Ligand SMILES: Nc1ncnc2c1ncn2[C@@H]1O[C@H](COP(=O)(O)OP(=O)(O)O)[C@@H](O)[C@H]1O
Ligand SMILES: [Mg+2]
């Protein structure tokens, strides 16, 4: 479980987050939705300390992250798997080396043990025998799957995903969404997914936070979302014809 | 002015992060090997070509300048040797490597920054500055002196060829090479080289590491890296020459 309390953040004079409080539950895929530029990425980066927050608290299962020294923060970070928007694979390393990298840095496993783990993770994301490829040789969907494999290689307690299916075709996007949801339930981890894609929301949204004007404007599950009368939320959700029709029916 | 002070401050903050113990030595040595390859081995070709021709040109110019028959011809060898050791090899090769290696380092790290690879390192709990920059600095400190010694040697061979083409006797040239050799000049040259190596890699890493935005900014950072590395080389060349030789 990750709890955020009264998070404030501005860049220069640009107030991005204004008093954000939310509880991200364990074993669930928690979604943060909102327009581009609404502060979703900023919130994720604040959660892991890549941006400093102006005020507020971030609590990982009772541990107050923002009061920690860098060394302790690094300890927590090793429990976090993160999926970046572009994958952020190391482009001079092969698929295998990418997934093995955290294991090499933080465990004393033998090469064999590490290889076992790499192959297990690759199998989990349905990418067996792609060990020797370089990131430049992968399709968008494969890239994301390798990034997921790397994110889960250390058995994380928390999984943070920034727009995991941006730039993917709808079918691949659903595949990635489902994969994230399955992994979350399988390992009972706390997962946070940023998205502005309503398909994902309907696919995997168990607990949803809608960011608007820098704060959590609305929260609920996907059924509540469909039936909500919140005007700003409806404007965001029912922007497309498809979802307007869905609401009518 | 305020901006450059801020840059300088950020540079020292980064260097403080860089100068920390590697998290995993096996990984560090792997990176170091890669960097020695990229920074050292891959520069051998350009160093050989440039040094050979410059050595030849220095010798020919010395020959043409010495018209007075009373000045012994072996001085040509001596002047070529000292010019190479004192100035040409460390400083000029330093400037050329600033162009080649500086832009390389800065665009590599800059790309990692804008594609969030540095964020990925950080969130794994890795000190990204140290992980990326320290192997480069150490690799350059190891490689540069070797490149400079290579440069002096090839420059002298170039001088021999250049001298022959205008009629300098090989025996005169070699006598000059051996005449009044001051070993301290070599130490001085190596000291300069090590300082330049540190400047090029750290300054270029700084500009790469602090790239903001997208691909265009990677290009801008890499230009800045080359310009500032070169300026710092010239400034420190002046300071070191003043401090050590005078
Ligand atoms: N490093 C930064 N420096 C300055 N402003 C930033 C930075 N990162 C994000 N912002 C600003 O914060 C706002 C929210 O951005 P972001 O969190 O990326 O939105 P989203 O991920 O929801 O699309 C935007 O107005 C953006 O310009
Ligand atoms: Mg974003």
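The values are calculated or read from the model by the stated rules, or taken from the named source; none is laboratory data. As the structure is a prediction and not an experimental result, all values here were calculated from the model. No Cβ is skipped: glycine too gets one built from the backbone with ideal geometry, and neighbour counts run over all protein chains shown.
Give me the pairs, please: first residue somewhere in the stretch A:35-52 and closer than 17 Å to residue B:125 by Cβ and within 10 Å of chain B (Cβ to nearest Cβ), second residue anywhere and within 13 Å of ligand 2 (Cβ to nearest atom) and assigned to a loop (DSSP other than H, G, I, E, B), beta-carbon distance under 7 Å, and either six or more positions apart or on two chains.
Within 7 Å, the pairs are A:45/A:51.
For (1) part of a helix (DSSP H, G or I); (2) farther than 16 Å from residue B:199 by Cα; (3) modelled with pLDDT under 95, each residue gets a yes or a no:
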residue	(1), (2), (3)
B:70	no, yes, yes
B:111	yes, yes, no
B:122	yes, yes, yes
B:126	no, yes, yes
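Would you tally the residues in the stretch A:17-41 being within 11 Å of ligand 2 (Cβ to nearest atom) and surrounded by fewer than 21 Cβ atoms within 10 Å (Cβ to Cβ)?
The first filter runs over the stretch A:17-41 and keeps only residues within 11 Å of ligand 2 (Cβ to nearest atom), leaving A:32, A:34-41.
So of that shortlist, the ones also surrounded by fewer than 21 Cβ atoms within 10 Å (Cβ to Cβ) come out as A:35-37, A:41.
Total meeting the criteria: 4.
For the stretch A:151-174, what are the residues that are within 25 Å of residue A:101 (Cα to Cα) and away from ligand 2 (no atom under 16 Å from the Cβ)?
Residues satisfying the conditions are A:151, A:152, A:153, A:154, A:155, A:156, A:157, A:158, A:159.
Which of (1) within 14 Å of chain B (Cβ to nearest Cβ); (2) within 16 Å of ligand 2 (Cβ to nearest atom) is the odd one out, the single condition residue A:76 does not satisfy?
(2)
Exactly one of these conditions fails for residue A:165: (1) surrounded by fewer than 23 Cβ atoms within 10 Å (Cβ to Cβ); (2) more than 10 Å from chain B (Cβ to nearest Cβ). Give me its number.
(1)
Out of the residues in the stretch B:92-120 meeting the condition of being closer than 16 Å to residue B:145 by Cα and surrounded by fewer than 21 Cβ atoms within 10 Å (Cβ to Cβ), tell me which one is farthest from the other protein chains (Cβ to nearest Cβ). Before you say what the answer is, go through the steps one by one.
Of the stretch B:92-120, the ones closer than 16 Å to residue B:145 by Cα are B:92-98, B:101.
Add one more test, that the residue is surrounded by fewer than 21 Cβ atoms within 10 Å (Cβ to Cβ), and what stays is B:92, B:95-96.
On the way: B:92: 31, B:95: 27, B:96: 25 Å.
The extreme case among them is B:92.
Among the residues of the stretch A:87-107, how many are at the interface with chain B (Cβ under 7 Å from one of its Cβ atoms) and free of Cβ contacts under 8 Å to residues at least 24 places away in the same chain?
The qualifying residues number 2.
Examine the stretch A:57-70 for a residue that is within 16 Å of ligand 2 (Cβ to nearest atom) and either under 26 Å from residue B:17 (Cβ atoms) or free of Cβ contacts under 8 Å to residues at least 40 places away in the same chain (or both), and state whether such a residue exists.
Kept after step one, since they are within 16 Å of ligand 2 (Cβ to nearest atom), are these residues of the stretch A:57-70: none.
Taking every residue of the stretch A:57-70 in turn, none turns out to be within 16 Å of ligand 2 (Cβ to nearest atom) and either under 26 Å from residue B:17 (Cβ atoms) or free of Cβ contacts under 8 Å to residues at least 40 places away in the same chain (or both).
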